[in-house]
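Below is one structure, written out as structure tokens, with a few remarks after it.
The values are calculated or read from the model by the stated rules, or taken from the named source; none is laboratory data. Quick caveat, the model's predicted, so the values are computed rather than measured. Note that each Cβ is placed from the backbone with ideal geometry, even for glycine, and that neighbours are counted across all protein chains shown. SASA here: full protein model, heavy atoms, side chains in, ligands and nucleic acids out. Shrake-Rupley method; radii C 1.70, N 1.55, O 1.52, S 1.80 Å.
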Amino acid sequence: RATKTTPRAGGTSSARTKPGVMFLRALVATAALTLADARAPLLAPSSSPTLRPYSRLFSPAPESIVLKPRRANVWLAARDEDHSPRLGLPEENAWGWSKIPPKPSLDVVSPDIGQHASAEAWVLNLIEFIHWTPILPLTLASYSVLVHRDFWLAEFNGVEWRLLMLLLSPMIQFAGGLGAVTMHVYEGWIVAPFKNPITEQIDIYKYNNAWLRETAYRMLFTVQCAGLQMVTLAFLTFGEGNDAAPWWAIGLSIISVLSAYGGDQAAKPVIEPSWAEPFGKGTGSAPAFPLSYWTLVPFILSAMVNGYAYYTIGSSHGVHWAVIAPLVFGAGGLLEGALAETLFNQWLHFVAFAIVNIGAVLQWQAYEQIASSM
């Protein structure tokens with residue numbers, strides 16, 4: 001069916017045009033505009049929107065349509081050495097074990113307490129390695145639940161979703177740390193003073209990215225909150241004779257995780273530890289734990305209830321030390337956030353995550369001994 005077009009400005013009327021022809025004209029117009037943009041100077045500033053000559057391609061001419069300048073294609077920008085996507089940290093010999101030199105900010109913020117010497121490549125490789133090793137004991141913890149599933153099903157009165165929560169929780173714990181690992185890779189595995197790219201330009205060879213740190217912390221604590229809740233819902237029955245957690249306990253768990261992720265991220269406490277004072281306020285040493293109240297409070301409450309859950313299940317089977325596992329795991333994270341990322345000593349970073357590894361091993365062994373107690 002042919003369509004009749006409206007008269008053009010000027011009083012003339014165009015010929016009847018078939019829909020297929022108009023579709024082909026639209027494709028040609030899109031291709032022409034794409035080529036025109038590709039030939040335009042990349043990253044060139046534009047003071048006003050650009051009008052495209054649609055009137056020669058369509059009828060009627062959409063004179064009111066205005067296109068904003070297209071952003072430069074980062075791959076085409078490879079022709080410009082200053083914007084090459086091949087650049088990274090480090091720029092050359094970027095193998096997994098290759099590391100950038102110590103960041104100058106380690107000494108600039110306080111020459112008297114410089115941490116330059118602790119940021120050698122071999123130290124950073126040890127730190128990177130020990131961030132990946134918790135996957136082994138946490139996988140063994142999940143495997144232990146799978147092997148002893150008959151015991152746990154009997155413990156959970158046959159409620160299979162409680163078994164599923166316990167089985168998946170160690171993997172959720174490890175997955176929660178992947179955001180922080182990504183941050184460390186971006187930073188070259190060096191804990192260093194921070195600057196926020198939202199308010200000022202930063203050189204990643206000198207400073208770490210404060211906004212990236214806040215984003216990584218938000219994801220880390222949100223997912224860890226979910227992992228803690230999963231163990232709690234598996235271990236606790238919330239009353240004598242209950243086979244599983246009641247609906248209100250499940251609802252509170254879901255609300256706490258949603259709050260941790262979706263709460264107002266601007267409402268952050270300013271935690272300025274006194275031991276970071278030699279670096280001076282505003283130099284990147286503070287705040288420690290850049291978390292919103294909406295994230296921090298649900299996490300703390302989840303950790304407290306999780307510790308009680310470990311104590312309850314461990315004590316009922318004679319494994320009284322089981323509560324130590326989550327405490328040690330949390331102590332490692334506390335040491336990293338409160339000391340390593342305020343004093344910027346790489347060895348503190350290593351020790352902090354060594355403690356996290358010990359906590360993961362204790363968690364695995366707690367599962368083993370509880371299941372072997374019958």
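Here the stretch 304-374 has 76 percent of its accessible surface on carbon and sulfur atoms, given a 1.4 Å probe and all protein chains in place. Note on the stretch 293-358: the C-alpha convex hull projects to 4.8 nm² when averaged across all orientations.
Out of the GluC sites (Glu not before Pro) in the stretch 165-262, which ones are loop residues according to DSSP with at most 12 other C-beta atoms within 10 Å? Walk me through the numbers before you get to the answer.
On the way: sites: GLU187, GLU200, GLU214, GLU240; in loops: GLU200, GLU240.
Passing both the DSSP loop test and the Cβ count: GLU200, GLU240.
Note on the stretch 113-237: Kirkwood radius taken over Cα pairs, Stokes-Einstein applied at 10 °C and 1.306 mPa s, translational D equal to 94 µm² s⁻¹. Counting only protein heavy atoms and using a 1.4 Å probe, what share of the accessible area of the stretch 132-218 belongs to carbon plus sulfur, as a whole percent? Its accessible area is 65 percent carbon and sulfur atoms. LYS195 exposes around 60 Å² of accessible area when a 1.4 Å probe is run over every protein chain in place.
3J(HN,Hα) couplings calculated from phi for the stretch 216-221 with the Karplus curve 6.51 cos²θ - 1.76 cosθ + 1.60 (θ = phi - 60°) are, in sequence order, 5, 4, 4, 5, 4, 6 Hz; Gly and Pro show x.
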